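Here is the structure we will look at.
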Amino acid sequence: MPNKEENPRKKNKPKLYTERKLPQRRCTGCGESKDKRDLIRVVRIPVKEGEPHVLEIDRRGKKSGRGAYICPEAACLAKAIKTRRLERSLAVPVTPEIVAELERQIGETSDQ
């Protein structure tokens with residue numbers, strides 16, 4: 001039985017640090033693929049049958065449910081709402097409260 005060091009199938013390559021690939025998501029407004037952490041996630045939280053659907057802004061990107069991503073730009077939000085892409089992605093109507101919250105969050109990110 002060959003020794004581990006003599007095994008020809010295993011090459012002794014040094015393990016180098018490799019950069020992790022960042023997950024990419026597509027913006028519902030402009031349609032561009034960007035890093036997941038650069039986008040804002042709106043999530044439709046699962047509810048019991050017969051109850052109205054709940055939409056929330058997922059700041060950490062970890063909540064369970066159907067999500068849609070949008071760029072932190074006012075033009076992308078306006079286009080996603082005007083063309084109803086956000087509603088189509090989430091399969092429920094988007095409430096004015098969620099739109100106001102998204103506008104507020106986009107305003108905060110543009111100030112920084």
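Among the trypsin sites (Lys or Arg not before Pro) within segment 64-112, those in coil by DSSP and having at most 12 neighbouring Cβ atoms inside 10 Å are Arg84. For segment 22-82, the convex hull drawn through the C-alpha positions has a volume of 87 cubic angstrom per residue. Projected onto the charge dipole of segment 14-112 (+1 at Lys/Arg Cβ, -1 at Asp/Glu Cβ, origin at the Cα centre), which of Tyr69, Gly50, Pro23 gives the Cα projection farthest towards the positive end? Final value for the positive-end residue is Pro23.
Close amide H contacts of Val54 (hydrogens built in the peptide plane, cut-off under 5 Å, sequence separation of 5 or more or a different chain): Ile45. Across the cross-link table entries Lys34/Lys63; Lys21/Lys82; Lys34/Lys62; Lys21/Lys79; Lys21/Lys63, which are compared at the Cα atoms, the separations over 27 Å belong to Lys21/Lys82; Lys21/Lys79. In percent, rounded to a whole number, the relative contact order of segment 23-111 is 30, using alpha-carbon pairs under 8 Å and six or more apart.
Every number in this text was worked out from the coordinates using simple rules, so none of it is lab data. The model shown is predicted, which means the values in this text are computed figures rather than measured ones. Ideal geometry is used to build each Cβ from the backbone, glycine not excepted, and the neighbour counts take in all protein chains shown.
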